[in-house]
Amino acid sequence: MAVYTDVSDEALRAFLNEYELGELVSYKGIAEGVENSNFFLQTGTGTYILTLYEKRVSEEDLPFFINLMGHLARAGLACPLPVRNRAGTALGRLCGRPAAIVTFLKGVSLSHPSAEHCRALGAALAGLHAAGRDFPMVRENNLSVAAWRPLFAHAEGQADTVAPGLAARTRADLDLLEAVWPQGLPSGVIHADLFTDNVFFIGDAVSGLIDFYFACTDAFAYDLAISLNAWCFDADGTFHRDKAGAMIAGYDAVRKLEPDEIAALPVLARGAAMRFMLTRLVDWLNVPPGALVQPKDPLEYDRRLSFHRTATDARDYGWEG
């Protein structure tokens, strides 16, 4: 979440005239994240999230995201439900951008989740994978291994200005990951971006999963590896084996991991760290002038990669099966 496009009061009121949401009460930009322009929206009928789609979100992918959220919500997953306008569509245009309104979910995101929160997250992630199994649409993961070297090309020349030796480390990791990336793992709809700020809790229970705008069709275990990176490390690179073990156990209790998924976990975790290091690196070096945005530190994931280079077995990530 971020704000790249300013929305005037007049433009928003005209947009809302297409909906049955009552009068505009207030709206406020959300500064967290880096992908789209997002606003808290209060109307006469309640609280919503308004999103203007920017940057890496392709307009042709929006029906996949919108239909997926509707499918998952109908399947009982706690996720935002897209709001349809009077014409029956959940997609419109605002300030020259594709835009949508979704329902607001109650709960809080956690900066420092416990092992039990991680266990609950693992179970929720497995529930997402189960709920999406009969979703008929397919979207290729355009930020998987084949995209990483072209993405790095946009930052390679300046990488060592961010950290000495970063370019060489990245090239070596890419060589290895491209050579050994797992194929044929159990696959389906994955979230692909389930960071702590995309999960809400009420107490120790997951109350909502949000931000499905990287969702795609890929290996379920890769989604788990993304979450291990996002939830089980400190910013300084310290790995919390208890959190990781709890997350994997929570996932496995809902959807049994297959032996090839368990064996692939170290490579998948290393690849997940590479994917986010690269997108953060490109964003770090290319913040649009004047944007209300807080670019995330790519070196957090460079430090995670230092751990992943030493891991050889799923037990290094707390697996006890």
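Just to be sure before I move on: is residue 219 modelled with pLDDT of 95 or more and touching a strand residue (DSSP E or B) at 6+ places or on another chain (Cβ under 6 Å) in the structure I sent? Taking the combined requirement at face value, the residue satisfies it.
Taking segment 71-89 as the range and being touching a residue at least 12 places away in the same chain (Cβ under 8 Å) and either among the polar types (S, T, N, Q) or farther than 26 Å from residue 26 by Cα (or both) as the test, the residues that pass are 71, 72, 75, 76, 77, 85.
The single condition among (1) over 16 Å from residue 137 (Cα atoms); (2) of a type outside the set (S, T, N, Q); (3) in contact (Cβ under 8 Å) with a residue 12 or more places away in the chain; (4) open to solvent by 10 Å² or more (accessible area, probe 1.4 Å) that residue 113 does not meet is (4).
Which residues, taken from segment 11-41, are without any contact (Cβ under 8 Å) to a residue 40 or more places away in the chain, buried (at least 18 other Cβ atoms within 10 Å of the Cβ) and more than 30 Å from residue 281 (Cα to Cα)? Once the filter is applied, which keeps residues that are without any contact (Cβ under 8 Å) to a residue 40 or more places away in the chain, buried (at least 18 other Cβ atoms within 10 Å of the Cβ) and more than 30 Å from residue 281 (Cα to Cα), segment 11-41 yields only 16. The condition of being among the aliphatic types (A, V, I, L, M), within 22 Å of residue 114 (Cα to Cα) and out of contact with any Phe, Trp or Tyr (no Cβ under 7 Å at 6 or more places or on another chain) holds for only one of 209, 151, 176, that being 209. For segment 289-307, the condition holds for no residue, the condition being that it is farther than 30 Å from residue 157 by Cβ, aliphatic (A, V, I, L, M) and open to solvent by less than 50 Å² (accessible area, probe 1.4 Å). Summed over segment 222-242, residues that are in a helix (DSSP H, G or I) and surrounded by fewer than 24 Cβ atoms within 10 Å (Cβ to Cβ) total 4.
Taking (1) farther than 16 Å from residue 194 by Cα; (2) surrounded by fewer than 19 Cβ atoms within 10 Å (Cβ to Cβ); (3) in contact with a Phe, Trp or Tyr (Cβ under 7 Å, 6 or more places away or on another chain) in turn, residue 102 satisfies each apart from (2).
Of all residues assigned to segment 66-75, none qualifies as being crowded, with 16+ Cβ neighbours inside 10 Å and closer than 23 Å to residue 8 by Cβ. On the given criteria, is residue 120 out of contact with any Lys or Arg (no Cβ under 9 Å at 6 or more places or on another chain), in a helix (DSSP H, G or I) and either under 30 Å from residue 16 (Cβ atoms) or in contact (Cβ under 8 Å) with a residue 60 or more places away in the chain (or both)? Answer is yes for this residue.
In segment 177-208, the residue that is most open to solvent (accessible area, probe 1.4 Å) out of those that are of a type in the set (Asp, Glu) and at pLDDT 95 or above is 178.
If the condition is being closer than 22 Å to residue 60 by Cβ, touching a helix residue (DSSP H, G or I) at 6+ places or on another chain (Cβ under 9 Å), open to solvent by 70 Å² or more (accessible area, probe 1.4 Å) and outside any loop (DSSP other than H, G, I, E, B), then segment 140-175 contributes only 146. When segment 214-240 is filtered for residues that are over 23 Å from residue 197 (Cβ atoms) and of a type outside the set (Ser, Thr, Tyr), only 219 remains. Against the list (1) of a type in the set (A, V, I, L, M); (2) in contact with a Pro (Cβ under 8 Å, 6 or more places away or on another chain); (3) buried (at least 16 other Cβ atoms within 10 Å of the Cβ); (4) closer than 29 Å to residue 177 by Cβ, the condition residue 137 fails is (3).
The values are calculated or read from the model by the stated rules, or taken from the named source; none is laboratory data. For clarity, every value in this text was computed on a predicted model and none was experimentally measured. Counting neighbours? That spans all protein chains shown, and the Cβs are built from the backbone with ideal geometry, glycine included. Just so you know, the surface numbers come from the protein's heavy atoms only, side chains and all, with ligands and any DNA or RNA stripped out. Shrake-Rupley method; radii C 1.70, N 1.55, O 1.52, S 1.80 Å.
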